[in-house]
Amino acid sequence: TFLGALWAVLQPVMTMVVFTVIFNRMAGIQADGVPYPVFSLAGLLPWTFFSQGLTQASNSLVGSSHLLTKIYFPRVLIPTASVLSGAVDLVISFVVLAGMAMIYGMRPSPAALVLPLALVLGFLTTLAGGLWLSALNVRYRDVRYLVPFTVQVLLFVSPVIYPASDVVGRLEGAGFPGWIYGLNPMVGVVEGFRWSVLGVGPAPQSLLMTSAVVACCGVATGLLYFRRMERSFADIV
């Protein structure tokens, strides 16, 4: 509370420092020719938005039980608002990322035009998970214990610490198409955000398209399930 808006900056920055020391300096993970601190911070920003939004949205309906049982309003607004609440922190942290990129001599590229699409994809991905988990958490309260574990696993299977090109190369070397990695929608979110901000690496069209399809399907099915469960929220919350 004392730190206020500074807390939104300290979380990704401190994590970036830890990642740089452990994974870059000690483990020797490289970042496609980009300074690793900027590389990891550019991945941590959309990831922090996703992880915080997913965690808050998953418990949003249970936390708003006093509203659900008293008045009627579109229930979908509750998890949606929980996801959008992280946008302010994202903007504040983005200023820090832009400053770091300038310090390292990096300038905006034409890829910056993709940034709005990456942000929309990040919102849809977070909303898809939030819709499913918030509705499930009303009926199955143990879901809240699953969320932190899921977020932790997704961190290591998403290209936050390492470049997606490493995974795509290994998949293609094993005879699998590289776009399979995009079935994790956070791959497209992180890579799209990083590419648009830093302008490095190949244009991740296949990953973005695959992740976009998965995210849209997640939102569509999440809305259907949410609407199906919505009539019973007030009775069981």
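The values are calculated or read from the model by the stated rules, or taken from the named source; none is laboratory data. Quantities reported herein were computed from a predicted structural model and do not represent experimental measurements. Cβ coordinates were reconstructed from backbone atoms using ideal geometry, including for glycine residues, and neighbour counts include every protein chain displayed. Ligands, DNA and RNA are excluded from the accessible area calculation, which covers all protein heavy atoms including side chains. Shrake-Rupley method; radii C 1.70, N 1.55, O 1.52, S 1.80 Å.
Among the residues of the range 112-146, what is the count of those that are more than 21 Å from residue 227 (Cα to Cα) and crowded, with 19+ Cβ neighbours inside 10 Å?
Qualifying residue count, the range 112-146: 5.
In the range 153-187, which residue that is open to solvent by 40 Å² or more (accessible area, probe 1.4 Å) and under 15 Å from the mean Cα position of the chain (by Cα) is nearest to residue 19 (Cα to Cα)?
156
Residues that are farther than 30 Å from residue 74 by Cβ: list the helices (runs of 4 or more DSSP H) wholly contained in the range 159-237 that include at least 2 such residues. Step through it out loud before you land on a result.
Values: elements: 164-173, 185-198, 205-230, 233-236.
Passing ranges, in order: 164-173, 185-198, 205-230.
Give me a count of the residues in the range 228-237 that are in contact with a Lys or Arg (Cβ under 8 Å, 6 or more places away or on another chain) and either among the charged types (D, E, K, R) or at pLDDT 85 or above (or both).
So the count comes out to 2.
Condition (residue is at pLDDT below 95, under 23 Å from residue 187 (Cβ atoms), part of a helix (DSSP H, G or I) and under 16 Å from the mean Cα position of the chain (by Cα)) applied to the range 95-107: is it met by at least one residue?
No: the range 95-107 contains no residue that is at pLDDT below 95, under 23 Å from residue 187 (Cβ atoms), part of a helix (DSSP H, G or I) and under 16 Å from the mean Cα position of the chain (by Cα).
Please determine, by comparing only the residues of the range 66-86 that are open to solvent by less than 40 Å² (accessible area, probe 1.4 Å) and among the small types (Gly, Ala, Ser), which one is modelled with the highest pLDDT.
Per the stated criteria, the residue is 82.
Among the numbered criteria (1) touching a residue at least 24 places away in the same chain (Cβ under 8 Å); (2) within 22 Å of residue 186 (Cα to Cα); (3) of a type in the set (A, V, I, L, M), which one does residue 81 miss?
Condition (1) is where residue 81 drops out.
Out of all the residues in the range 167-200, which are under 29 Å from residue 104 (Cα atoms) and either hydrophobic (A, V, I, L, M, F, W, C) or touching a strand residue (DSSP E or B) at 6+ places or on another chain (Cβ under 7 Å) (or both)?
167, 168, 186, 187, 189, 190, 193, 195, 197, 198, 200
Could you grab the pairs with beta carbons closer than 6 Å, sequence gap of 6+ or different chains, first residue in the range 17-44 and open to solvent by less than 40 Å² (accessible area, probe 1.4 Å), second one polar (S, T, N, Q)?
19/40; 36/20; 36/24; 37/20; 44/15
If a residue must be open to solvent by 40 Å² or more (accessible area, probe 1.4 Å) and touching a helix residue (DSSP H, G or I) at 6+ places or on another chain (Cβ under 7 Å), how many such residues does the range 45-59 contain? Reasoning before the result, please.
Narrowing the range 45-59 to residues open to solvent by 40 Å² or more (accessible area, probe 1.4 Å): 52, 55-56, 59.
Retained after the next criterion (residues that are touching a helix residue (DSSP H, G or I) at 6+ places or on another chain (Cβ under 7 Å)): 55-56, 59.
Residues flagged as open to solvent by 40 Å² or more (accessible area, probe 1.4 Å) and touching a helix residue (DSSP H, G or I) at 6+ places or on another chain (Cβ under 7 Å) within the range 45-59 amount to 3.
Condition first: open to solvent by 10 Å² or more (accessible area, probe 1.4 Å), at pLDDT 90 or above and under 15 Å from the mean Cα position of the chain (by Cα). Now tell me which residues in the range 196-227 satisfy that.
Answer for the range 196-227, where residues must be open to solvent by 10 Å² or more (accessible area, probe 1.4 Å), at pLDDT 90 or above and under 15 Å from the mean Cα position of the chain (by Cα): 212, 214, 216, 218, 219.
On the basis of being open to solvent by 70 Å² or more (accessible area, probe 1.4 Å) and not hydroxyl-bearing (Ser, Thr, Tyr), does residue 106 make the cut?
Numbers: open to solvent by 70 Å² or more (accessible area, probe 1.4 Å): no; not hydroxyl-bearing (Ser, Thr, Tyr): yes.
For residue 106, the condition - open to solvent by 70 Å² or more (accessible area, probe 1.4 Å) and not hydroxyl-bearing (Ser, Thr, Tyr) - is not met.
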